Amino acid sequence: MLKALSLKKIFSSSNPRHEDFFTRLIHDYQNNTFFQEIKVDRVLEEYLVGGIVKVRIVEGEDGLYYVVEEPGLAPGEAVVLGRILGMGVECESLECISSMIGDGGSNRLAPRLYYHYMKITTGYGPLYPILLDPLVEEISLNSSDKRVWVIHRAFNQLGWMKTNMMVGENLVDRLVLSFSRKIRKHVSIASPIAEGLTREGYRVSLIFGNNVSRKGSSIVVRKKPEKPWTITQLINSGVLNSLITAYLWLILELKGWIIIAGGVGAGKTTLLQGLLNLVPFNKRVITIEDTPELYLPSDQWDPLVENPLPLDSGQSIDMYHLLRVSLRRRPDYIVVGEVRGVEARVLVQASRLGHGVLNTIHGDSPDSVLKRLTAYPISIPRNLLGNIWSIVIVEQTSYGRKVVRVSEVTEEVDLVDVAFFENGFFKPVEISELASRSARLTSKLGARTLERELAERSIFLERLVARGVFDEKDLMREINGFYKNRALSTGS
């Protein structure tokens, strides 16, 4: 811990030029961040973020609001913070700030100073308190209307929610430049668009100036959950039920091809991540993404990421290249974060070679997925789409995120609905009915074996949910135990 300093020592140790810069930055944030007074009809939810920022979800006159109440900073405290920042000392904990202000700081001052210190040093500025909130999924800000908007996990079925926070136009420009440094990308009037991932895992999309957007500079941040959602959490929250999961699990184990489709923010990647929990522990999994989001706690996980920038040889590494490379790395499963172009043709080859395949794609129905795969630029011949086993559609419904349709693709490239979500319920309910709809699994396993497998896996998953096995490592142990017990019972 740093040696405690008196406020007098802090003032004498600060670099005047650095101090002046940070003092102006603090004032810039204070003078260009505004908090609208909201007339509250009802408070729906209230909690603390970071132990110091008060968040309320309220009903206002024109809908729901996400209301942020952050601790203020008096003029004298802003001067102290400017001096601390001017010293150039890196403080990564509250204890560090407390130590620096020593006896001159009260218990209430240190937390406020630390909060505003982090607000400056992280580079996130006014968006820092919202980024701290684990219940916020996405954040949007553009310079034309100045308001910050969020998507909240507890209310995501309602879409974007207004906040009470407004940010001045000039500060939005500065924030875009600050975020671009966080994702290690360059933005300018000549090159106004940048996308990337911060070290914290925030997925960022930036536009600078008004050359390509009539609304000027803007920031969109997508936050992934602090911990990936496991398949048992998805079942428990009602995204899908245990019977549909058992059906998809069997396809996985038989190394079929599953496509997860839906709109932006529907939960495609979340479901893909959850299904990966069910892959046998001794199988090699290669994931291919443009922005790394997936995670497997396995030594057999081989994560590959696109690099669109030219390397020293002048060659960029795109998804198509990575897919071709992956076929030579002896994978059991190839997983693609999102298919957009000709790389889908390699997935056909991978499936025909006996690899399990999982990918996501934008599409609102199984039929639209097949049409997209056959249309330019993907242009897969329709007769080859019989390699796909199942198409899963995920939607944001009035009931929340749901698997709304699971269709099986026949070898003749017809679509058969195996399961669906209707009027608040997943159907079919009976195992025998779902099994009778799956010609693929029936041909692979036989009708009686298929029903038994669906029942065993469905009951196994329900018991895990009932026991609260939601942690990824605990779930991995249980899934591994399931496979080991089956191997012992069959003697294989």
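Yes/no matrix, rows are residues, columns are (1) within 32 Å of the chain's Cα centre (by Cα); (2) assigned to a strand (DSSP E or B); (3) within 23 Å of ASN236 (Cα to Cα):
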site: ARG401; (1), (2), (3): yes, yes, yes
site: GLU408; (1), (2), (3): yes, yes, no
site: ALA419; (1), (2), (3): yes, yes, yes
site: LEU434; (1), (2), (3): yes, no, yes
site: THR449; (1), (2), (3): no, no, no
site: LEU461; (1), (2), (3): yes, no, yes
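Only residues that are polar (S, T, N, Q), in a loop (DSSP other than H, G, I, E, B) and surrounded by fewer than 17 Cβ atoms within 10 Å (Cβ to Cβ): list them for the range 171-205, please. Let's see the steps before the verdict.
Let us first name the residues in the range 171-205 that are polar (S, T, N, Q), namely 178, 180, 188, 191, 198, 205.
Checking the rest, the ones that are also in a loop (DSSP other than H, G, I, E, B) come to 188, 191, 198.
Once the filter is applied, which keeps residues that are polar (S, T, N, Q), in a loop (DSSP other than H, G, I, E, B) and surrounded by fewer than 17 Cβ atoms within 10 Å (Cβ to Cβ), the range 171-205 yields SER188, SER191.
Does ILE219 qualify as being over 22 Å from THR270 (Cα atoms), touching a residue at least 60 places away in the same chain (Cβ under 8 Å) and of a type in the set (Val, Ile, Thr)?
On the way: over 22 Å from THR270 (Cα atoms): yes; touching a residue at least 60 places away in the same chain (Cβ under 8 Å): yes; of a type in the set (Val, Ile, Thr): yes.
It is true that ILE219 is over 22 Å from THR270 (Cα atoms), touching a residue at least 60 places away in the same chain (Cβ under 8 Å) and of a type in the set (Val, Ile, Thr).
Residue by residue through the range 150-165, note down the ones that are within 10 Å of GLU137 (Cβ to Cβ) and part of a strand (DSSP E or B).
Answer for the range 150-165, where residues must be within 10 Å of GLU137 (Cβ to Cβ) and part of a strand (DSSP E or B): VAL150, ILE151, HIS152.
Hand me the list of helices (runs of 4 or more DSSP H) wholly inside the range 66-130 holding 2 or more residues that are among the hydroxyl-bearing types (Ser, Thr, Tyr). Full working, then the answer.
Values: elements: 75-86, 94-101, 109-121.
Output list reads 94-101, 109-121.
Conditions tested, residue by residue: (1) surrounded by 16 or more Cβ atoms within 10 Å (Cβ to Cβ); (2) modelled with pLDDT of 95 or more; (3) closer than 23 Å to VAL404 by Cα; (4) assigned by the TED database to the domain that holds VAL394.
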{"residue": "LEU240", "(1), (2), (3), (4)": "yes, yes, yes, yes"}
{"residue": "ILE244", "(1), (2), (3), (4)": "yes, yes, yes, yes"}
{"residue": "ILE251", "(1), (2), (3), (4)": "yes, yes, yes, yes"}
{"residue": "GLY256", "(1), (2), (3), (4)": "yes, yes, yes, yes"}
{"residue": "ILE260", "(1), (2), (3), (4)": "yes, yes, yes, yes"}
{"residue": "ALA266", "(1), (2), (3), (4)": "yes, no, yes, yes"}
{"residue": "ASP290", "(1), (2), (3), (4)": "yes, no, no, yes"}
{"residue": "GLN315", "(1), (2), (3), (4)": "no, no, no, yes"}
{"residue": "SER326", "(1), (2), (3), (4)": "yes, yes, no, yes"}
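Of all residues in the range 57-69 being at pLDDT 95 or above and not aromatic (Phe, Trp, Tyr), which is nearest to VAL43 (Cα to Cα)? Show your work before the answer.
First pass over the range 57-69, keeping only residues at pLDDT 95 or above: 57-59, 64-69.
Next, only the ones that are not aromatic (Phe, Trp, Tyr) stay: 57-59, 64, 67-69.
Details: ILE57: 6, VAL58: 4, GLU59: 6, LEU64: 10, VAL67: 10, VAL68: 13, GLU69: 14 Å.
Applying the filter and picking the extreme gives VAL58.
Of all residues in the range 222-254, which are hydrophobic (A, V, I, L, M, F, W, C) and part of a loop (DSSP other than H, G, I, E, B)?
Initially, the range 222-254 is screened for residues hydrophobic (A, V, I, L, M, F, W, C), giving 229, 231, 234-235, 239-240, 243-244, 246, 248-252, 254.
Result: TRP229, VAL239, LEU240, LEU254.
Condition test on VAL357, is it in a helix (DSSP H, G or I) and either more than 17 Å from the chain's Cα centre (by Cα) or under 21 Å from LEU441 (Cα atoms) (or both)? Walk me through how you get there before you give the answer.
Numbers: in a helix (DSSP H, G or I): no; either more than 17 Å from the chain's Cα centre (by Cα) or under 21 Å from LEU441 (Cα atoms) (or both): yes.
Against the criterion (in a helix (DSSP H, G or I) and either more than 17 Å from the chain's Cα centre (by Cα) or under 21 Å from LEU441 (Cα atoms) (or both)), VAL357 does not qualify.
Being assigned to a helix (DSSP H, G or I) and of a type in the set (A, V, I, L, M, F, W, C) is the requirement here; does ILE219 meet it?
Numbers: assigned to a helix (DSSP H, G or I): no; of a type in the set (A, V, I, L, M, F, W, C): yes.
No, not satisfied.
Please pick out the residue among GLY102, GLY168, GLY209 that is outside the structural domain of VAL53 (by the TED database), over 26 Å from GLU226 (Cβ atoms) and surrounded by fewer than 19 Cβ atoms within 10 Å (Cβ to Cβ). Full working, then the answer.
Numbers: GLY168 fails: outside the structural domain of VAL53 (by the TED database); GLY209 fails: outside the structural domain of VAL53 (by the TED database).
It is GLY102.
Among the numbered conditions (1) touching a Phe, Trp or Tyr at 6+ places or on another chain (Cβ under 9 Å); (2) farther than 24 Å from LEU271 by Cβ; (3) not β-branched (Val, Ile, Thr), tell me where ARG214 comes up short.
Among (1) touching a Phe, Trp or Tyr at 6+ places or on another chain (Cβ under 9 Å); (2) farther than 24 Å from LEU271 by Cβ; (3) not β-branched (Val, Ile, Thr), the lone unmet condition for ARG214 is (1).
Is there a residue being of a type in the set (Val, Ile, Thr), part of a loop (DSSP other than H, G, I, E, B) and touching a residue at least 24 places away in the same chain (Cβ under 8 Å) anywhere in the range 465-476? Write out each step before concluding.
Filtering the range 465-476 down to residues of a type in the set (Val, Ile, Thr) leaves 465, 469.
Pick out the ones that are also part of a loop (DSSP other than H, G, I, E, B) and you get 469.
Filter once more, keeping what is touching a residue at least 24 places away in the same chain (Cβ under 8 Å): 469.
Looking for residues that are of a type in the set (Val, Ile, Thr), part of a loop (DSSP other than H, G, I, E, B) and touching a residue at least 24 places away in the same chain (Cβ under 8 Å), one finds at least one in the range 465-476, hence yes.
Condition check ((1) in contact with a helix residue (DSSP H, G or I) (Cβ under 8 Å, 6 or more places away or on another chain); (2) free of Cβ contacts under 8 Å to residues at least 60 places away in the same chain; (3) of a type outside the set (S, T, N, Q)) across all residues:
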site: SER143; (1), (2), (3): yes, no, no
site: ASN164; (1), (2), (3): no, no, no
site: VAL167; (1), (2), (3): yes, no, yes
site: VAL172; (1), (2), (3): no, yes, yes
site: SER178; (1), (2), (3): yes, yes, no
site: ALA190; (1), (2), (3): no, yes, yes
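Which of the residues that make up the range 389-432 are aliphatic (A, V, I, L, M) and surrounded by 23 or more Cβ atoms within 10 Å (Cβ to Cβ)? First the steps, then the outcome.
Applying the first criterion (aliphatic (A, V, I, L, M)) to the range 389-432 yields 391-394, 403-404, 406, 409, 413, 415-416, 418-419, 429, 431.
ILE391, VAL392, ILE393, VAL394, VAL403, VAL406, VAL409, VAL418, ALA419, listed by residue number.
For GLY267, which of the numbered conditions (1) within 21 Å of LEU197 (Cα to Cα); (2) in contact with a helix residue (DSSP H, G or I) (Cβ under 7 Å, 6 or more places away or on another chain) fails to hold?
Going through (1) within 21 Å of LEU197 (Cα to Cα); (2) in contact with a helix residue (DSSP H, G or I) (Cβ under 7 Å, 6 or more places away or on another chain) one by one, GLY267 breaks only (2).
The values are calculated or read from the model by the stated rules, or taken from the named source; none is laboratory data. Since we're looking at a predicted model, the values are computed, not measured. Glycine gets a Cβ as well: all are built from the backbone with ideal geometry, and neighbour counts include every protein chain shown.
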